[in-house]
Amino acid sequence: RMKFWRERLDRTTNWAVVLVAAILTWAFTNAQNPHYVILIGMFGVSTFLVMEAVRYQEYDIWRNRVRILQTGLYAELYSDEPPRDTGWQRKISDELRDPDFHMTLQQALTHRLRRSYLPLLVILLAAWVARIVVYEAQEPWQETASIFFISGEVVMAIVLLFYAVIVAIAAWSA
């Protein structure tokens, strides 16, 4: 089961990477393609982050159970010393009777953000800034960054606020 949950984590990360690659490819292939597709990609990657954090909580349950078996049962099987009572049987039975997450959603979110998703989000931010500043250099960035009736300054403020929150979450438990 632990291997199954690990594979589910890897699948989510792979889809996030594929999403980033597809968004960036599409956004930079034609000057007529709107820049806000990259912002939609940021939302998509954030959604994958939340999904993966929930899956990571499930994975952590199975990882802890396997670790209890490794240190309690398997270590004693291969030891030359007399068996020690580490209480591993009680720990496993308690865990199976009353399963509980060992880490909070915020801890899982922070862990997955720092390990995988922060670099993806930084790549999207750099691509978005390049798209509005460098890619269309003939217009001021405020005009290029606007989305429909929302001014470029408001869009930039929202993006900067989003990234301030993401960095704060990543740094909070570091």
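The values are calculated or read from the model by the stated rules, or taken from the named source; none is laboratory data. The shown structure was predicted, so the numbers you read here are calculated from the model rather than taken from an experiment. Heads up, the Cβs are rebuilt from the backbone with ideal geometry, glycines too, and the neighbour counts pull from every protein chain shown. For accessibility, only protein heavy atoms count, side chains too; no ligands or nucleic acids. Shrake-Rupley method; radii C 1.70, N 1.55, O 1.52, S 1.80 Å.
Results, tabulated for the structure shown:
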read-out	value
Residue within the stretch 111-122 that is within 20 Å of residue 9 (Cβ to Cβ), hydrophobic (A, V, I, L, M, F, W, C) and more than 12 Å from the chain's Cα centre (by Cα) present	no
Residue within the stretch 83-95 that is over 25 Å from residue 148 (Cβ atoms), at pLDDT below 90 and of a type in the set (Val, Ile, Thr) present	yes
Complete set of residues in the stretch 125-147 that are acidic (Asp, Glu) and part of a helix (DSSP H, G or I)	143
Within the stretch 148-174, tally of residues that are at pLDDT 90 or above, within 25 Å of residue 19 (Cβ to Cβ) and not in a helix (DSSP H, G or I)	1
Scope the stretch 157-170; condition open to solvent by less than 60 Å² (accessible area, probe 1.4 Å) and under 15 Å from the mean Cα position of the chain (by Cα); matching residues	163, 166, 168, 169, 170
Any hit, the stretch 72-82, residues being surrounded by 18 or more Cβ atoms within 10 Å (Cβ to Cβ) and among the aliphatic types (A, V, I, L, M)	no
Every pair of residues 6+ apart whose Cβ atoms lie under 8 Å, when the first sits in the stretch 6-26 and is under 12 Å from residue 49 (Cα atoms) while the second is open to solvent by 60 Å² or more (accessible area, probe 1.4 Å) and assigned to a helix (DSSP H, G or I)	12/51
The stretch 24-39 - residue that is β-branched (Val, Ile, Thr) and farther than 20 Å from residue 113 by Cα and, of those, surrounded by the most Cβ atoms within 10 Å (Cβ to Cβ)	37
So residue 53, is it out of contact with any helix residue (DSSP H, G or I) (no Cβ under 9 Å at 6 or more places or on another chain) and farther than 28 Å from residue 151 by Cβ	no
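For (1) loosely packed, with under 14 Cβ neighbours inside 10 Å; (2) not polar (S, T, N, Q), each residue gets a yes or a no:
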| position | (1), (2) |
| --- | --- |
| 41 | no, yes |
| 60 | no, yes |
| 64 | no, no |
| 86 | no, no |
| 89 | yes, no |
| 94 | yes, yes |
| 109 | no, yes |
